[in-house]
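What follows is one structure encoded as structure tokens, with my remarks underneath.
The values are calculated or read from the model by the stated rules, or taken from the named source; none is laboratory data. Keep in mind it's a predicted model, so treat the numbers as computed, not measured. We place every Cβ from the backbone using ideal geometry, glycine too, and count neighbours over all the protein chains shown.
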Amino acid sequence: MKLEKFAGNPILRPNPNNAWEERCVLNPAVVYDDAAEKFIMLYRAAGNDKRHQITFGIAESEDGVHFERTANAPVFAGRRDEPDGGCAEDPRLVRMGKTYFLTYAARAYAPGQYWLEPWVEGVSRPPMYLEKADVYGTELPQFARENTTVSYLAATNDFKHYKKLGRLTDPTVDDRDVLLFPETVQGNYVLVSRPKFKDAEVKMPSIWISFGKDLLVYGKPQFLMTGEQWWEEQRIGAGTPPVKTERGWFMLYHGVDAKGVYRVGAVLLDLLDPRKVLARTKDFLMEPDREYELSGLYGGCVFPTGAVVKGSTLYVYYGCADQYIGLATADFSKLLSYLSEECAL
């Protein structure tokens, strides 16, 4: 089974009229607001500046397909004097009660134009890299000295005003692809992430799960799943926030093969104990095979970050080659049947 890509992709492209989003738009968080009867998208955006300052823009849609920007300036960003001042990347959204909670990856200093050579683990080092952070000396926290990716939490009720709540992950570990479950499980908040642990048993960056009584405080991460197939040979990471179904928690994830190509898989987790993987795709559901996915700042990448179920349709929103935003869909009931019946573990 495969996700069906929208024929009119990309559904959002860089905007040459706005300097802050003229280079790329990608990796969106998308929710459906029942009260407003519309899809709301927060998307990662950046311009052509050497710092490659990354912020979030906003767009809305009535049908989940045709989105229009509703602001000419970023709606969410980090100031240079804040811990997340370098960039705000890869948003994910869940709703709990009347509040939308936003998880995002960030760095203390801007990443620079990471698609340029020379690069180390995807991060380039142009002259403005780290913004002369070394002048503060070795007493700086590790995440600031090394510009480590740390994940944070924010909240909003109207997508106009945001409250930054603080750090979610260990600042000594590069950790991103952080998702929250949209409700507590057995009285605990649940967080999924992809920390770059050095673990004797887990040989690659993989997906881990944590539990906590407070939205900002979680216990020690527990191993959830790692790469198993050829298209997951290099690493895997969580993609879209979990969707609760009768068959289990449904979640999309990404896998990266030996050549660095990103593909998309799906998993079902147990409703009462999401540490248990009930089903998992052996074959990918989507791969980069269109021009807008093969050519960009990172060619060969489809990166799912938003999923909405409306009616019988699963809408999947994903970054394309780190430069555009695409849409793919599926009959959700058929996809769940495929997962639980043909991919059960």
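Annotation: of all residues in region 11-57 being β-branched (Val, Ile, Thr) and under 25 Å from Glu291 (Cα atoms), the one that is farthest from the chain's Cα centre (by Cα) is Ile11. Applying the condition of being in a loop (DSSP other than H, G, I, E, B) and more than 19 Å from the chain's Cα centre (by Cα) to region 272-288 and asking which residue is farthest from Val190 (Cα to Cα) yields Asp283.
Residue-wise test of (1) at pLDDT below 55; (2) touching a Lys or Arg at 6+ places or on another chain (Cβ under 9 Å).
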{"position": "Tyr104", "(1), (2)": "no, yes"}
{"position": "Arg107", "(1), (2)": "no, no"}
{"position": "Gly112", "(1), (2)": "no, yes"}
{"position": "Ser124", "(1), (2)": "yes, no"}
{"position": "Leu130", "(1), (2)": "yes, yes"}
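Among residues of region 289-345 being in a strand (DSSP E or B) and polar (S, T, N, Q), the one that is surrounded by the fewest Cβ atoms within 10 Å (Cβ to Cβ) is Thr313. Pro118 falls short on exactly one of the conditions (1) of a type outside the set (A, V, I, L, M, F, W, C); (2) at pLDDT 95 or above; (3) surrounded by fewer than 16 Cβ atoms within 10 Å (Cβ to Cβ), and that condition is (2). Within region 202-235, the set of residues being within 19 Å of the chain's Cα centre (by Cα), of a type outside the set (Gly, Ala, Ser) and assigned to a loop (DSSP other than H, G, I, E, B) comprises Met204, Pro205, Leu215, Leu216, Pro221, Thr226, Gln234.
Here's the yes/no breakdown for (1) among the aliphatic types (A, V, I, L, M); (2) free of Cβ contacts under 8 Å to residues at least 60 places away in the same chain:
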position	(1), (2)
Tyr162	no, no
Gly166	no, yes
Leu179	yes, no
Ser193	no, yes
Lys196	no, yes
Asp199	no, yes
Gly212	no, yes
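Checked against the criterion of being within 29 Å of Leu3 (Cα to Cα), modelled with pLDDT of 95 or more, touching a Pro at 6+ places or on another chain (Cβ under 9 Å) and of a type in the set (Ser, Thr, Tyr), the candidates Thr226, Thr245 yield just one match: Thr226. Within region 273-285, can one find any residue that is under 24 Å from Leu168 (Cα atoms) and either in contact with a Gly (Cβ under 6 Å, 6 or more places away or on another chain) or of a type in the set (Ser, Thr, Tyr) (or both)? Checked region 273-285: no residue is under 24 Å from Leu168 (Cα atoms) and either in contact with a Gly (Cβ under 6 Å, 6 or more places away or on another chain) or of a type in the set (Ser, Thr, Tyr) (or both). Restricted to region 14-32, and to residues that are touching a strand residue (DSSP E or B) at 6+ places or on another chain (Cβ under 6 Å) and charged (D, E, K, R), which residue is surrounded by the most Cβ atoms within 10 Å (Cβ to Cβ)? Taking the candidates together, the pick is Glu21. Within region 157-174, being crowded, with 17+ Cβ neighbours inside 10 Å and touching a Lys or Arg at 6+ places or on another chain (Cβ under 7 Å) holds for Val173, Asp174. A single member of Ala71, Ala45, Ala77, Ala7 is out of contact with any strand residue (DSSP E or B) (no Cβ under 9 Å at 6 or more places or on another chain), modelled with pLDDT of 95 or more and of a type in the set (Gly, Ala, Ser), and it is Ala7.
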